[in-house]
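Following: one structure in structure tokens, then a few remarks.
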Amino acid sequence: MSARHVRFPGTSWQEIEALPQPPQWTVQRTIFDLLDEPVPSLADPFPRDDPLPGAYELHLPDASVTIWYTLAVYQDQEVISIQHVRVDT
């Protein structure tokens, strides 16, 4: 792969901006880290019972936040698409 890019389709960026400051910073840092390691050990295939290739759920226990994202290849580039971000309740 020559490069990785992050996309924020739909309202995913607004979901991140709506988080309180400490979890927001954690999510932003984690998304930046995905550029180096797109499938960290904490990422689980999603949905668990019938995983789609390239769909992941990443739970950040320290921030009590979960990020759902996809990873795909397009024109020799890996594209990480942040689909949904939610505070765990």
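The values are calculated or read from the model by the stated rules, or taken from the named source; none is laboratory data. Keep in mind that what you see is a predicted model, and the values were worked out from it rather than measured. Every residue, glycine among them, receives a Cβ derived from its backbone with ideal geometry; neighbour counts consider all protein chains shown. Surface areas here come from the heavy atoms of the whole protein model, side chains and all, with no ligands, DNA or RNA. Shrake-Rupley method; radii C 1.70, N 1.55, O 1.52, S 1.80 Å.
Summary table below
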| quantity | calculated |
| --- | --- |
| Looking only at segment 61-81, and only at residues there that are open to solvent by less than 30 Å² (accessible area, probe 1.4 Å) and small (Gly, Ala, Ser), the one that is farthest from the chain's Cα centre (by Cα) | ALA63 |
| Listing of strands (runs of 3 or more DSSP E) fully contained in the chain that carry 2 or more residues being without any contact (Cβ under 8 Å) to a residue 40 or more places away in the chain | 43-45, 55-60, 65-74 |
| Number of the exception - PHE46 against (1) over 12 Å from TYR69 (Cβ atoms); (2) at pLDDT below 90; (3) open to solvent by 60 Å² or more (accessible area, probe 1.4 Å) | (1) |
